[in-house]
Amino acid sequence: MKKSKRMQILVDIAKRKEDEVVKVLAKEQARLQQDQQKLQELKDYAEQYDQQRNLIGLSPYLTSNYQHFVDRLQQAITQQQNQVNRSQQQVNMAMRRWQEAQAKTKGMDWLKDKSVSEEIAAEDRQDQKQIDEFANRAFFNRMRS
């Protein structure tokens with residue numbers, strides 16, 4: 001088996017690994033987007049709730065309940081922001097893995113292409129050698145005649 005054929009097998013393996021990493025990256029990006037959307041929904045809800053509170057007067061009892069609810073809502077926003085940060089880190093790690101896999105695939109492909117070029121050059125040299133031998137034989141045969 002020619003070296004280029006063996007290299008093609010390695011390129012195919014590297015490409016499959018790269019494809020797997022791309023799928024993980026897409027999954028992590030989708031998770032990040034969902035987490036960001038949830039965070040925005042929580043912030044929007046907190047803003048709407050705050051606007052509604054300003055429109056109505058609250059009794060001391062309701063003010064206490066309101067403050068407790070606002071505190072819990074802020075905790076939820078903080079937790080969701082932390083989740084967004086974790087998801088962003090996962091995306092960043094997946095992106096680095098993809099870049100590494102892509103570089104490996106490109107490197108393998110370059111080596112395969114180099115092997116193909118070397119094989120073509122060797123075949124060309126062999127062909128030229130055969131042509132030269134044929135020409136020399138023809139020349140010597142004509143000289144004998």
With the first residue restricted to region 115-130 and required to be closer than 14 Å to residue 5 by Cβ, and the second required to be assigned to a helix (DSSP H, G or I) and of a type in the set (D, E, K, R), Cβ contacts under 9 Å at 6 or more apart or on different chains are 115/3; 115/5; 115/6; 116/3; 118/3; 119/3
Result of the Cβ filter at 8 Å on region 58-87, keeping first residues that are closer than 14 Å to residue 41 by Cα and modelled with pLDDT of 85 or more and partners that are in a helix (DSSP H, G or I) and small (Gly, Ala, Ser), at least 6 apart or interchain, is 73/46; 74/46; 77/46
Is there a residue being of a type in the set (Phe, Trp, Tyr), within 21 Å of residue 21 (Cα to Cα) and at pLDDT 80 or above anywhere in region 37-48?
no
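Being under 30 Å from residue 10 (Cα atoms), assigned to a helix (DSSP H, G or I), of a type in the set (A, V, I, L, M) and modelled with pLDDT of 95 or more, is that true of even one residue in region 112-134? Write out each step before concluding.
We begin by selecting, within region 112-134, every residue under 30 Å from residue 10 (Cα atoms); these are 112-127.
Retained after the next criterion (residues that are assigned to a helix (DSSP H, G or I)): 112-127.
Filter once more, keeping what is of a type in the set (A, V, I, L, M): 116, 120-122.
From the residues that got through so far, the ones that are modelled with pLDDT of 95 or more too are none.
No; the residues of region 112-134 include none that is under 30 Å from residue 10 (Cα atoms), assigned to a helix (DSSP H, G or I), of a type in the set (A, V, I, L, M) and modelled with pLDDT of 95 or more.
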By residue number, the members of region 1-44 that are of a type in the set (A, V, I, L, M, F, W, C) and within 12 Å of the chain's Cα centre (by Cα) are 21, 22, 24, 25, 26
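The values are calculated or read from the model by the stated rules, or taken from the named source; none is laboratory data. Just so it is clear, the structure is predicted and the values come from calculations on it, not from any experiment. Cβ: placed from backbone, ideal geometry, glycine included. Neighbour counts: every protein chain shown.
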